[in-house]
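In what follows, a structure is listed as structure tokens, so that the remarks can point back to it.
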Amino acid sequence: MASSIISGNEIGQEIRKSVAEQVVQLKEEGITPGLAVILVGDNPASQTYVRNKQKSCEAIGIFSELIKLPAEVTEEELLDQIRILNNRHDIHGILVQLPLPKHIDEDNVIATISPEKDVDGFSPVSVGKMMLGQDTFLPCTPFGVMKLLEYSGIEIAGKHAVVVGRSHIVGKPMGQLLLQKDATVTYTHSKTPDLPAITKQADILIAAVGRANFISKEHIKPGAVVIDVGINRDENNKLTGDVNFAEVEPIASHITPVPGGVGPMTITMLLYNTVQSAQKQLSQAKYIQNM
């Protein structure tokens, strides 16, 4: 049995087309969505991620501003820069590229970003609202996974979803979003005994552990949907996911490839959140005018 490949490239492009149309409509109302990205230091991987985000913004008409700060910048100087952006009306989303230098507290930085501009969905306010099922910006990678499942017509309600990994950025919010769609969710992690016994129960398996080819055929129930969030390099420096694709693909009903699966969706949902932020600003302005 061959799996259906869930293409993040194709689904992401479909969503970006819709987002680009929203950008045109906003510009007709006098608002250009704006995303500010703060890059601290000269980490090569971070520089690549930021370039990709800027190119994606430009491609659909979002204004993108890059603020580069030296690695030795103080935490307070960084927080001051965020506060300036919080007060700028032309900036609708603020993203601080992680990781940060060790002398800077990432939690303080994220908490300083205005919840109205937290398009990464990482702030305590955003996370709290997500947990409660309230309207908020959702973290981009888990949000992207939910869109992959939605666009692929995969039923979530009543299914057993197993999340491998418990990071704040992917694992924990991923389980919450699946729960809100009425899945029965199990979290697994490095201290979980007999992992295959649990993952083999999964109708939907989310691999977000950060270890190349960690999930093998022994972890998979025939017909399961397998979503691979991992981005790793194998011993040959080849880009690979957390799932051993060659082993798992013949068993799964649906599977995401690496690259071309979850990866493109992360930036897509960042663009989506930024445009949603601009739309909220426009709605608030119209409401005030009509008071």
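The values are calculated or read from the model by the stated rules, or taken from the named source; none is laboratory data. Bear in mind that the values here come from a model prediction, so they are computed numbers and not experimental data. As a convention, Cβ positions derive from the backbone with ideal geometry for all residues, glycine included, and neighbour counts pool all protein chains shown. Quick note on the areas: whole protein, heavy atoms, side chains included, nothing else; ligands and nucleic acids left out. Shrake-Rupley method; radii C 1.70, N 1.55, O 1.52, S 1.80 Å.
In the condition set (1) touching a strand residue (DSSP E or B) at 6+ places or on another chain (Cβ under 6 Å); (2) of a type outside the set (Gly, Ala, Ser); (3) buried (at least 17 other Cβ atoms within 10 Å of the Cβ); (4) farther than 17 Å from residue 99 by Cβ, residue 60 is compliant with all but (1).
This table checks each residue for (1) assigned to a helix (DSSP H, G or I); (2) farther than 30 Å from residue 4 by Cβ; (3) open to solvent by less than 10 Å² (accessible area, probe 1.4 Å); (4) of a type in the set (D, E, K, R).
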| position | (1), (2), (3), (4) |
| --- | --- |
| 246 | yes, no, no, no |
| 259 | no, no, no, no |
| 268 | yes, no, yes, no |
| 276 | yes, no, no, no |
| 282 | yes, yes, no, no |
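Where in region 89-202 are there strands (runs of 3 or more DSSP E), lying wholly inside it, with at least 2 residues that are surrounded by fewer than 19 Cβ atoms within 10 Å (Cβ to Cβ)?
Counting at least 2 such residues, we get 184-188.
Scan region 203-240 for residues that are out of contact with any His (no Cβ under 9 Å at 6 or more places or on another chain), assigned to a strand (DSSP E or B) and open to solvent by less than 40 Å² (accessible area, probe 1.4 Å) and the total you get is 5. If you check residue 66 against the conditions, is it open to solvent by 40 Å² or more (accessible area, probe 1.4 Å) and either closer than 20 Å to residue 121 by Cβ or touching a His at 6+ places or on another chain (Cβ under 6 Å) (or both)? Judged against the criteria, residue 66 is not a match.
Give the residue that is farthest from the chain's Cα centre (by Cα), with candidates limited to residues of region 32-66 that are of a type in the set (Val, Ile, Thr) and part of a strand (DSSP E or B). In this case the residue turns out to be 40.
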